[in-house]
1. Calculate, for residue 178 and residue 86, the FRET efficiency according to 1/(1 + (r/R0)^6) with r their C-beta to C-beta distance and R0 35 Å; round to the nearest 0.05.
2. If you average the alpha carbon positions of segment 272-288 and of segment 238-261, how far apart do those two centres end up, in angstrom?
3. Would you grab the residues whose amide H sits under 5 Å from the one on residue 60? Only those 5+ places off in sequence or on another chain, please, with H modelled 1.01 Å from N.
4. Quick one: net charge around residue 279, please, counting Lys, Arg +1 and Asp, Glu -1 for every other residue with C-beta under 9 Å from its C-beta.
5. Please check: in the Gaussian network model of the chain (C-alpha springs, under 10 Å), which one of 166, 293, 131 has the largest mean-square fluctuation.
6. Using 5 Å bins from zero, what percent of all Cα-Cα pairs in segment 123-239 falls into each bin?
7. Determine, for each peptide in 239-248, 98-107, the mean count of other beta carbons within 10 angstrom over its residues, then list the peptides with the highest first.
8. Please work out the Cα center distance from segment 190-216 to segment 75-119, rounded to the nearest Å.
Amino acid sequence: MGWVWVGCGAPAEKGSLSYRQGMASLKSAVWIPLFDELADARVVAELAASAEEAGWDGLFVWDHVRWREPVRAVADPWVALTAAAMATETLRLGPMVTPLARRRPAVVGRQTATLDVLSGGRLTLGVGIGSDRFGAEFSRFGDEVDDRKRAELTDESLSILQAAWSGETVRHRTDNYIVDDVEFLPRPAQDGGVPIWIAGFPGKVRPRRRAARYDGFFPVNLTQPDQLAEAVEGVQEFREDRTAPYDVVVALPPGTDPRPFAAEGATWCLTEFDQDNIRRSEVAAVVADGPFSGERQSVAGRHEVTPADI
């Protein structure tokens, strides 16, 4: 799928070949909440086109149906990503992250395959179990609020998605989901299906184990490179002898030097923004400046995530 394996083990020495390769392979993306001034698919499409022109490698969007005050407007990620896909040619795109426990896996299977075909194989699916903390977006709609149950639904949904992307007839029947002999066509454009990145709190075992089974890990709330090194090592212990390419994702405010995180195994750096006071002009300025160059200062806060967000 075109990624470079940096490694999930001990940090490389700064003079080593693996260190230099890790630095060269770090990719940069914009990570935007679809709130208020950005709750418009046309705006997202404009930002995506600008990001591609400025040299960013990806654009990822939040997936929420509600958020806490003062946020009022919230856009749908799949519509926004469709607009972004049609406005770009090379930018990697995806929801970061989708709480699968809130969505029907059969519908997500259709959405992901359709968007991957439309984009020419540029979709990455970020997955987490979600949280009710920031806007009561589970409890307000009667969705599952128990963390363990959402984790169970997430794992089952992931299994259904991978089966659907295979193009084979899917037969799945449990107390949670039923798929009776359904063939999901068209398949995604990418061989092997859409890459899956698992978001999770790095100090917990279950998200690390889940992440090890898929294509990447997004450990949340990291502020220091040594925290990333520990998170990467924690995933590697569950990857056993797997040698397939694997992504390690970090989110940092604009202007933050990502190179120390690349040295500890990061392959993607997502530039994040203040979700409670999002301004189109600020995001547009950061996007137009391009990926980190060592000259730009931070203009936004961090998105704090709780352990329940995994």
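What follows draws every value from the coordinates through simple rules; no lab data is involved. This structure is a prediction, so every number in the text was calculated from the model and none was measured. Counting neighbours? That spans all protein chains shown, and the Cβs are built from the backbone with ideal geometry, glycine included.
1. About 0.55, to the nearest 0.05.
2. After rounding, the separation between the Cα centres reads 23 Å.
3. 30, 31, 32
4. Local charge sum for residue 279: -3.
5. Result for the chain, Cα springs under 10 Å: 293 fluctuates most.
6. 2, 11, 17, 18, 19, 16, 11, 5, 1, 0
7. On the way: 239-248: 15.0, 98-107: 20.2.
The most tightly packed comes first, giving 98-107, 239-248.
8. If you average the Cα positions of each part, the centres end up 18 Å apart.
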